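What follows is calculated from the coordinates using simple rules that are stated; it is not laboratory data. Please read these numbers as outputs of a predicted model, since none were measured by experiment. Using ideal geometry, Cβ is built from the backbone for each residue, glycine included, and neighbour counts are taken over all protein chains shown.
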Amino acid sequence: TDGSHEEEAVVSTQSTGVKDATCNFLLRAQTGKIFAETAVPNLQILNPLVRVNYTKEEELTEDNIGQYSVVCITDGSHEEYGAVNDLCRTHGVTFLACNTWGMAGFLFQDAGAKFTYIAEKARVHKERPSSKPDPKRRKVDTPGAEKEGEEEKEEEESYEQREANFVTYREAGEATKLKFSSPSVLITQGLLRGVPDIREYCRKTAKQIHSKHVPDELLQNLDGTVVPICAIVGGMASQELIKIVSKKDPPIVNSFYYDGLSGAGIIENSRQ
């Protein structure tokens, strides 16, 4: 999205194939064309209040990164994510990365070292007053204007400003340094780094960090595009984009991993 949040640019040089047309409703069974060019008309229908365009710029550089407020990359590599995130951090641009591999999904975001947002305060349970009238207490009616003022004040006081501290993609660390040991974490770390044998990588890493072995059923289902997994990861990315742009509600810090076999997702906070 651009700095005014009024325009969305889709960048892509990849041509669509039969597989893409069967799992992406934005393509409407169109193949042989550039993905972004084909998807833009349908994206515009979904976003009527935002201008959606297609650009053929293949790389983000020092010269063009400043026109964006958020950059989201999908299906990238370990090296690409690190380089683009460094560029975004330097220019104060929020960075998101998303990948899916069969039954596994991954989301990473960096909104800067200090990101302020508004969130609802934790509600404290208050004991409800008795519905029975107190004969010793005289009833006094509160004027309507005072009641409205009290409601507005209560609404204002129910929100507070908070701060989230993100790390960059390079600072997030490898699986051996992470707090959790979900199978999806090990799979993501291995596939993003292009290991030749993901099964052997998961076995060795799980043993190194004293984690449970990655199920064979999950390892056997890392190919192709599974629509529900894409919908979950894409939905999470959309949710985070709205949070970042609106600066409302707690964002994910920093990574989200999804295991489609168990239906479980975890958030990995690299600062904790």
Item to check | Per-peptide average of other Cβ atoms within 10 Å, ordering 217-226, 89-98 highest first | outcome: 89-98, 217-226
Checklist entry - Using the Karplus equation 6.51 cos²θ - 1.76 cosθ + 1.60 (θ = phi - 60°), what ³J(HN,Hα) coupling, rounded to whole Hz, does each residue of region 205-212 give in order, writing x for Gly and Pro? => result 5, 4, 5, 5, 9, 6, 9, 5
Item to check | 3J(HN,Hα) from dihedral phi, region 182-189, Karplus parametrisation 6.51/-1.76/1.60, rounded to Hz, x for glycine, proline | outcome: 5, x, 5, 5, 5, 5, 4, 4
Checklist entry - Once the Cβ-Cβ distance between S77 and A119 is put in as r, and R0 is 30 Å, what FRET efficiency do you end up with, to the nearest 0.05? => result 0.30
Next on the checklist: Quick check: pseudo-label points 7 Å beyond the Cα along Cα→Cβ at E59 and T90, how many nm apart are they?
Outcome noted: 1.2 nm
Checklist entry - So what are the ³J(HN,Hα) numbers for region 88-95, from phi and the Karplus equation (6.51, -1.76, 1.60; θ = phi - 60°), rounded to whole Hz, Gly and Pro as x? => result 5, 4, 4, 9, x, 9, 5, 10
